[in-house]
Amino acid sequence: MRRLPLLLTTVALCGALAAFGALDRGGPDDRHPSADSARRPGNPSLSDSSLARAITADQQRLRQLPDDAPGWARLGAEYVEQARLTADPSYYPKAEEALNRSMALTPQSNTDALTGLGALANARHLFGQARDFAEQAITASPAHWPAYAVLADARTQLGDDTGATDAVQQLLDRRPGTASFTRAAYDLEQHGRTDDARAALRQALDDAYDPADKAFCQFQIAELDRNSGHTLDALTGYQAALNTDPSYTPALAGQARAEAGLGRTDDAVRHYTAAIARVPLPQYLLELGELHESVGHHEAAQEQYRLLTAEQQLAAANGVVDDLTLGQYQADHGDPAEAVRLLRAEWGRRQNVLVADALAWALHRTGADTEALPLAQRAQAHGWHNALFDYHLGQIERSLGRVVDARNHLNRALATDPAFNPLHAQAARKALTDLD
């Protein structure tokens, strides 16, 4: 990403609608580290109420003008965004119907509908389809910046590292703003350039003027702090985001995450519960379940896991293919053999570092450490400072008798973030004691 540092210091941030991308960080939550929903650069400027009003207005308009192809494309994109904000996947079939209607009315060079279909495919984890739709939109209109957001997200999830960086750069060239700076920060973070990622987000924050945009950037910076082991700084950042925009649910869940890392279990449970009441993301359910489990509240943990399974079933019924989330859940809390099956299928669809790490861990959980090792090493290929990746690799090496390597990676996991997970951080410390 040679040109990013120059661009990040020379361009001014413009207010940006980023509804056409769904940066899936790959798994059910930040610990894997992904934040399938909470960390994606969606449209922080658009509140639930304003989006609902926009949907109602477009529905009324389309009743009067049913042949308005741009109107159907806009409504479809709004449904995708509504699904993101509410964690309600039942909006996806509505989005698909609206976007396909737009395409039927204008089948040639319909860049808005193609981009919307790409965003929908990303949201459903159909990343190959998303890439294809985005590329069609760009072919029809090379200046159409939202398509590059969709393309960057799809290529990231497909493991096309060079292609993803190029798409982010193209997006920066065309539309410096929340959508581009956030994706640039994620790309930089993945490549181990945490300071550069923070600089990108701080520039976005400095130039943002809408409270929702500011809260979004504050949250992203807090995530970098938390993933770097600066839990108190992260907590301050999450609280700042909530002060800026009290309705920003990811910051509420982030606050709970930081409180859990600081041992403030009661506060963490209370804030997780509040976040889930607003938006029942599997990410939050899994985190709360693991927090309960870590302090011996096994029945409460199982209740969260049951709710997570129900949410995943609802998503699948609405066209979401999420074997990564299910596989990660099964590896730690269900049937590791089923996790391997699910994650092999996911690996067949996309070969990025998140899936490599998840499959390696599932294989380890079934005792297949020899097969797991090269996948866990592949997850390290970008240089991402990721405590969970190091923990997984260290435990695999420990099982293979590679004591020095295991000790190094387990120590590095805890050095990166001593509270990276309420269950695995404990296991890492015990493993190190056993190795001494």
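The values are calculated or read from the model by the stated rules, or taken from the named source; none is laboratory data. On a predicted model such as this, the values are computed, not experimentally measured, just so you know. Cβ atoms come from the backbone with ideal geometry, glycine included; neighbour counts cover every protein chain shown. Quick note on the areas: whole protein, heavy atoms, side chains included, nothing else; ligands and nucleic acids left out. Shrake-Rupley method; radii C 1.70, N 1.55, O 1.52, S 1.80 Å.
For the reader, a short list of remarks on this structure follows.
- The rule of thumb for compact globular proteins, 2.2 N^0.38 Å, goes into the C-alpha radius of gyration of the range 136-284 1.12 times.
- With Cα atoms, 0 to 90° folded angle of helix 369-378 axis to the chain main axis: 50 degrees
- Folded to 0 to 90 degrees: helix 194-207 orientation relative to the chain principal axis, Cα: 40 degrees
- Value of relative contact order over the range 192-264, rounded to a whole percent, pairs C-alpha under 8 Å and six or more apart: 27 percent
- Against the empirical 2.2 N^0.38 Å (N residues), the range 199-292 has a Cα radius of gyration ratio of 1.03.
- The chain - percent of accessible surface contributed by carbon and sulfur, probe 1.4 Å: 51 percent
- Rounded to the nearest 10 degrees, the angle from helix 145-158 to the longest Cα principal axis of the chain is 30 degrees.
- Using a Förster distance of 56 Å, the FRET efficiency for E371-A143 (Cβ separation, nearest 0.05): 0.75
- Stokes-Einstein diffusion coefficient of the range 355-436, Kirkwood radius over Cα pairs, 4 °C, 1.567 mPa s, in µm²/s: 106 µm²/s
- Average projection area in nm² (convex hull over Cα atoms of the range 287-436, one quarter of hull surface): 8.9 nm²
- A straight chain from A381 to R202 at 0.36 nm per residue would run longer than the Cα-Cα distance by 61.8 nm.
- Taking the centroid of alpha carbons for each part, the range 140-159 and the range 322-367 are 27 Å apart.
- Cβ-Cβ distance of L65 and S247, R₀ of 22 Å, FRET efficiency by 1/(1 + (r/R0)^6): the value works out to about 0.10.
- Size descriptors for the chain: radius of gyration and Dmax over Cα atoms are 20.8, 74 Å.
- Kirkwood Rh (inverse of mean 1/r, distinct Cα pairs), the range 49-142, angstrom: 13.1 Å
- For the chain, the dipole from Cβ point charges (+1 on Lys and Arg, -1 on Asp and Glu) about the Cα centre works out to 480 debye, to the nearest 20.
- Net length gained if the chain between T265 and R349 were fully extended (0.36 nm per residue, minus Cα distance): 26.4 nm
- Where labels lie 7 Å past Cα in the beta-carbon direction, separation of T236 and S90 in nm: 4.4 nm
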